[in-house]
Each structure stands twice: as structure tokens, then as C-alpha cells.
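First the structure, which I've put down as C-alpha cells, then a few questions once you've had a look.
The numbers here are math on the coordinates, done by the rules we state, and not lab data. Since this is a predicted model, take the numbers as computed values, not measurements. So basically every Cβ, Gly included, is an ideal-geometry build from the backbone, and we count neighbours across all protein chains shown.
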Amino acid sequence: MIEPQMLIDHASIAPLPAPFWFVQFFKWLGFTLHAVPMNLWYAGLLVALWLHLRGNEQARRFGDRLLRQMPIIVAVGVNLGVVPLLFVQLAYPKVFYPATILMAWFWLAIIGLLTVAYYGVYAYAWGIRNGTKNMAGWRLMAGWCAALLFIAIGFCFANGLSLTEHVARWPELWQRHSTAGAAWGTALNVGDPTFWARWLLMFGLALGTTAVWALVDAFWLAGKTADDAYGQWALGFARKLYTLSLVWTAAAGTWYVFGTWPEELRKTMLSWPLLGFPYNVLTIVTGAAIGLPWLLVMTAPWWRSKRALAALAFLAQFGVLGINAASRQVVQNSNLKPFFDVAAVPEHVQWGPLVMFLVVFVIGLALVAWMLGQAMKAPSPKQ
């Protein structure tokens, strides 16, 4: 019988070139920043396409605006996604690379899927920018294909990261997808219920981000083209969509925690007394956090400044994504600890590259903020 540890190279372990806290912090921060635009193409693109096809005048207006924004959103999201992926490869190479080798063809396919999806988004968005009322069939098809491809990309990424931490599943998958010890690269972690729960949980959170983005667009991005009708529609739409997100996320999260967590992980994250250990507090806050942006959205009629409401709702949703990312990181390290304890890896800090990274990271964020600001100042096309 093959033990999971036999599939991990323990012969030599390269020291971390950065402090453990530094790696964990930027892995968390990078993923949280990436999650905002990623949510908008994961669920928002699908919602926008449906509104553009079947919605009323104001719904089509939001769909049009989000679809025109989507090329920028995808570009920003892809670039921000490089940061957490780099830190995953830096800190978890002993488990990340074997996991992605098991599903190599699906992992490599992400590049091709992303390229086609990006062109599809541009094709649809360009048709709208040209004011085409009766859009060409191929552009319409390109938009829907892009939405499905982004969901497929999420499926592949979720499989890769799920396999990275569930080392115990490797021997079975390797034996079923190999010849003479050589992996075919066709394994997927679909037999693991934690994968499906996490995938659905992420879609629920993405619906919430899309709901909040409707408020941001109506009261911040639309600028002088905004009117009372669009603002009122955005408020009603955000309430409905965020309520759906709340229910969806609660259902998927309950399944994930109580239906898929092993006993050891449950003891770590939910041991008694519930408020007596930091991880318990983190678990409780993670489950409750989504209630804050929902309350902000639901109390919108009583807010005098809708711009303040939109800004606070966005910050609250960013906090929801950040808290979920922090919990996810703790769960990942806990699941990996019996096989690969990343916290025990020796450190050999290289301050030169770290300083260079920080400088480039800050400059990059500043440039992204400046470019987004210029895009907001640009005159909006006729609605």
C-alpha cells in the first residue's frame, strides 16, 4: 500500500527566502485583492449577460456597463492573481507541484481557456461599445462562452488547490491515472466533497460581490450619467442579489464545515469553548461576516448618502473576502500539517529580493489605482 508521504519529496527542503509570516501575509493579501475582480468575472459576467438579454431598461443598463468594464476587470484580476500563486509555489512546492502534475492537462488548459475567454469578453464588450442594438450572433455566443469558460477555469483552479492540501487522496488518484508509475495528468479531485462545497461557496461569495458592485457602479462609477431611476434599480437589485448570496453562502458554508471537515480539523476550528481559542473566533467571524454587507444593503433606503453606503458596502464585502481567505489559509495549513508542515520549514531570509518585491508591489498597486482613476474620469458612452 502506498502511503501519501511517499509521494512527497522529503530528501531536501529548500529554506524559505522570506519569514513565514511574510509569506502567509502576502499570500492572503494577494488572494483577497485578486478575489474582488475574480468574483466579478466568476459570477458577475454570467449575471450581466442574463440582465443584458432578459432584463428591463435599467437592468440592461447595468449589464451593459459591467460588460464594458469586464476587459479591465479581467486584466486587473489576472495580474493580481500572480501574487498569491507565486507565494503558493514559494511556500508549498512539495505539495503544489505533485498535485498539479496529477491534473497536468487540466492545469495547463487554464492558459488556453483564459485566452479564449478574454477574447470572448472583448468581442462582446466591443459590440456594446459600438452601440450595436442587434448584436451579431457570434458576439453573443462569444460572451456566453466566456462566462462558461471562466467558470471552468474556477473549476480547474479549485481542483488544483484542493488537491494541493488533500495529500491523502494522491495515492488513489495516482494509481488510477498512471501507467508504470508515470502520471497521465488526467486526475481531478471531484470525488472529494470538500471540493464541491468550496467551489459552490466561492460562487455564493461572488454573487455578493456582484450585488455590491451594482451600488458602486450606480453611485460612484456612473458619474454624471447616473439618474434616480438607475440608482433606485441598483438598490433593489443589490438587496435581492445579496440576499440570494447570503442564503447560498450559508448553505454551502454549512455543508463545507459540518459535512466535509474531518474530525481533527473540526477540533482545531470549532473546539469548545467556542470563544476560548483564536481559530474558533476566526471561524465564528467568518460565518457571521457576510451579515454586515447584507445589513448595509438592506438598510439602504435610510441612508442619506448613497455614495457612503456604496463605499461602506464595498469595504465590508472586501472584509468578507479577506476573512474567508484567512480562514481558508488556516484550514489549508491544518490539513497539510500531517504531511508537510510549512511552518516548520527553515528560513534563510534574503532581504534584497524582499525589498525589491515590496517596492514593485506598491508601485504596481499605485499604477493600477491610477489607471482605474483615469478610466473613471473618461467620458461614458451614451447609455
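Return a whole-number percent for the relative contact order of the chain, with Cα pairs under 8 Å and 6 or more residues apart as the contact set.
23 percent
Of K240, K377, K27, how do they rank once you tally other Cβ atoms within 10 Å and put the fewest first?
On the way: K240 11, K377 8, K27 22.
So the ranking, lowest neighbour count to highest, is K377, K240, K27.
Now a separate question. For the chain, find the longest principal axis of its Cα atoms and tell me its angle to the long axis of helix 351-377, 0 to 90°, nearest 10.
20 degrees
Follow-up question, since we're still on this one. Could you state the angle between the C-alpha long axis of helix 57-91 and the longest principal axis of the C-alpha atoms of the chain, as a value from 0 to 90 degrees rounded to the nearest 10?
Compared with the principal axis, the helix lies near 20 degrees.
Picking from L149, A313, W196, whose Cα lies most toward the positive end of the charge dipole for the chain (charges on Cβ: Lys, Arg +1; Asp, Glu -1)?
Positive-end residue among those listed: A313.
Which one of G236, G204, G160 has the biggest mean-square fluctuation once the chain is modelled by GNM with Cα springs under 10 Å?
G236
In terms of modelled amide H atoms, which long-range or inter-chain residues lie less than 5 Å from the amide H of S178?
Distant-sequence amide H within range of S178: W184.
Can you compute the equivalent ellipsoid semi-axes for the chain, i.e. the square root of 5 times each eigenvalue of the Cα gyration tensor, sorted largest first and rounded to whole Å? Mind showing how you got there, number by number?
Values: eigenvalues 276, 115, 88 Å².
Semi-axes, largest first: 37, 24, 21 Å.
While we're looking at this one, here's another question. With only Lys, Arg, Asp and Glu charged, each at its Cβ (+1 for the first two, -1 for the last two), find how big the charge dipole of segment 16-342 is about the Cα centre; round to the nearest 20 debye. It would help to have the intermediate numbers written out before the result.
Details: 23 positive and 11 negative charges, 144 e Å.
With Lys and Arg at +1 and Asp and Glu at -1, about 700 debye.
A further question on this structure: Restricting to DSSP H runs of at least four residues, report the calculated mean residue ellipticity at 222 nm for the chain, -39500 (n - 2.57) per run over all residues, nearest 500 deg cm²/dmol.
Taken over the chain, the calculation gives -24500 deg cm²/dmol.
Next up: I need R129, R176 ordered by Cβ neighbour count within 10 Å, fewest first.
If I rank by nearby Cβ atoms, fewest first, I get R176, R129.
Which ordering of S162, S305, S178, S327 is given by a fewest-first count of other beta-carbon atoms within 10 Å?
Starting with the residue having the fewest Cβ neighbours, the order is S305, S178, S327, S162.
Among N280, N39, N159, determine the one that fluctuates most according to a GNM of the chain built with springs between C-alpha atoms less than 10 Å apart.
Maximum fluctuation in the GNM of the chain, among the listed residues, is at N280.
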